[in-house]
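Asker: There's a structure below that I have some questions on.
The values are calculated or read from the model by the stated rules, or taken from the named source; none is laboratory data. Here the structure is a predicted model, which means the values were calculated and not measured. When we count neighbours, we look across all protein chains shown, and the Cβ atoms used for this are built from the backbone with ideal geometry, even at glycine. To get the accessible areas, we keep the full protein, side chains included, count just its heavy atoms, and leave off ligands, DNA and RNA. Shrake-Rupley method; radii C 1.70, N 1.55, O 1.52, S 1.80 Å.
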Amino acid sequence: MITLVRRVTAVSVLAAALAACAGPPPAPAGQPARPAGSAPSAAPSPHRPTLAPGPAGLTPVFENAPRTGERTVALTFDADMTADQGPRAAAGERFDNPALIATLRRLRVPATVFMTGRWAEEYPDQARALGRDPLFEVANHSYSHYAFTGNCYGLPTVPRERMRADVERAYTAFREVGIADPMPYFRFPGGCYDRAALKALTPTGVTAVQWDVVGGDAFATDPDAVARQVLDGVRPGSVVVLHCTRSAAPATERAVRTVVPELRRRGYRFVKVSDLIAARGGRR
């Protein structure tokens, strides 16, 4: 039975660890946006595999691919920004990290970015660039970055009756800034969920994506410590959770410069979350 509440260490997902991503526009325009307010389609697609619903038809939860396959690993980056942080951004706090995205591009590392709708609205050009770059895939991290359970690292809580709307509002924000094909994957803010949250999101058709390796980069200032934590935890099929904000995860870019060549030396190949879900037998 699915664990009712999944949480990661507080250092990785504290409420204030509001990460973000950025980068220069690198690619041509994508497909036309879907109608505003529409949920993601989980229809069969070779590029959008999803898991079948869990017990009682609940939203399925993915943590890692089978350990018996090839040495693949997915780096994921949470682009967190809460709905009420506009004043902090206006005052100069940066929730993006162009240097990190540039490093991933330079090293040719595919990655999955779990983005909040509020972040996409704050950085529309950068969100659009990520959505149009085939090196990346953009997935849903809620609109508001409010928790879907109580007692989740001090985050405000989304009422149960608003959970689906919050997820769909994020997809609307993505499409309004030009992300034409966001993935049908959702990451719970703080990693916190329960049966009620899984049930509330069932109509959206998303697969909830957790992780099995905590990067520990939130508020970290020692990139070597972050790199060691990632390297010590990675196994074949792992999903690594990291952040990409200059204000709350300042060491991440430097840690990535250590992690990537070392994992490649160990025989690992970097893939996106969609590739791991497909390897687990996800529906295409």
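Asker: If DNA, RNA and ligands are ignored and the probe is 1.4 Å, what is the ranking of VAL209, VAL61 by accessible area, most exposed first?
Answerer: Descending order: VAL61, VAL209.
Asker: Among THR221, THR207, THR172, what's the order by accessible area (1.4 angstrom probe), most exposed first?
Answerer: The most accessible residue leads, giving THR221, THR172, THR207.
Asker: Any idea what Rg and Dmax come out to for segment 190-242 if you just take the C-alpha atoms, in Å?
Answerer: 14.5, 42
Asker: Could you work out Rg/(2.2 N^0.38 Å) for segment 54-178, with Rg from alpha carbons only?
Answerer: Relative to the 2.2 N^0.38 Å estimate, segment 54-178 comes out at 1.16.
Asker: Now, a different point. At 1.4 Å probe size, with every protein chain present, just tell me what the per residue accessible area of segment 145-189 comes to in Å².
Answerer: About 37 Å² of surface per residue is accessible.
Asker: Classify segment 42-110 as rounded, prolate or oblate from the Cα gyration tensor: take a ≥ b ≥ c as the square roots of its eigenvalues, call it rounded if a/c is under 1.5, otherwise prolate when a/b beats b/c and oblate if not.
Answerer: It is oblate, given that a/c is not under 1.5 and a/b is not larger than b/c.
Asker: Let me spell out the model: positive unit charges on the Cβ of Lys and Arg, negative unit charges on the Cβ of Asp and Glu, origin at the Cα centre of segment 185-274. What dipole size does that give, in debye rounded to 20?
Answerer: Value, rounded to 20: 340 debye.
Asker: Which shape class applies to segment 225-279: rounded if a/c is under 1.5, otherwise prolate when a/b exceeds b/c and oblate if not, where a ≥ b ≥ c are the square roots of the Cα gyration tensor eigenvalues?
Answerer: oblate
Asker: Determine which residues of segment 249-276 fall in the zone a paramagnetic label at ARG106 would reach in this model, i.e. backbone nitrogen under 20 Å from the point 7 Å along Cα→Cβ.
Answerer: Residues passing the 20 Å test: 249-265, 270.
Asker: What nm distance separates the two modelled labels at ARG265 and ALA225, each placed 7 Å from Cα along Cα→Cβ?
Answerer: Between ARG265 and ALA225, the label points sit 2.3 nm apart.
Asker: Taking the Cα centre of segment 122-190 as origin and charging only Cβ (+1 Lys, Arg; -1 Asp, Glu), how large is the dipole, in debye to the nearest 20?
Answerer: Computed charge dipole of segment 122-190: roughly 220 debye.
Asker: With θ set to phi - 60°, apply the Karplus curve 6.51 cos²θ - 1.76 cosθ + 1.60 along segment 223-236 and write out the HN-Hα couplings as whole Hz, x wherever there is a Gly or Pro.
Answerer: For segment 223-236, the Karplus-derived couplings read x, 5, 5, 4, 4, 4, 5, 5, 5, 6, x, 5, 10, x Hz, x marking Gly and Pro.
Asker: Where does each of LYS272, LYS199 land when they are ordered by accessible area, with a 1.4 Å probe and the largest first?
Answerer: Order by accessible area, largest first: LYS199, LYS272.
Asker: Return the carbon/sulfur percentage of the accessible area of segment 89-242, one whole number, probe 1.4 Å, all protein chains in place.
Answerer: Heavy-atom surface of segment 89-242 belonging to carbon and sulfur, 1.4 Å probe: 47 percent.
Asker: Karplus couplings for segment 152-162 from phi (6.51 cos²θ - 1.76 cosθ + 1.60, θ = phi - 60°), rounded to Hz, Gly and Pro as x?
Answerer: Result, rounded to whole Hz: 10, 6, x, 5, x, 10, 7, x, 3, 6, 10.
Asker: Now, a different point. Using modelled backbone amide H atoms (1.01 Å from N, in-plane), which distant-in-sequence or interchain residues come within less than 5 Å of PHE62's amide H?
Answerer: Here ALA208, VAL209, GLN210 satisfy the definition.
Asker: Taking the Cα centre of each part, how many Å lie between segment 78-154 and segment 204-262?
Answerer: 15
Asker: Short version: ³J(HN,Hα) in whole Hz for each residue of segment 57-62, in order, from phi by Karplus 6.51 cos²θ - 1.76 cosθ + 1.60 (θ = phi - 60°), x for Gly and Pro, what are they?
Answerer: x, 6, 3, x, 10, 10
Asker: Given 0.36 nm per residue, what is the gain on full extension from THR202 to ASP125 after removing their alpha carbon distance, in nm?
Answerer: 24.6 nm
Asker: Taking H placed 1.01 Å from N in the peptide plane, check which residues at least 5 places from ALA249 or on another chain put their amide H under 5 Å from its amide H.
Answerer: Here PHE219 satisfy the definition.
Asker: Mind listing the long-range amide H neighbours of ASP78? Cut-off is under 5 Å, sequence gap 5 or more, other chains count too, H placed in the peptide plane at 1.01 Å from N.
Answerer: Long-range HN contacts for ASP78: PHE114, LEU242, HIS243, CYS244.
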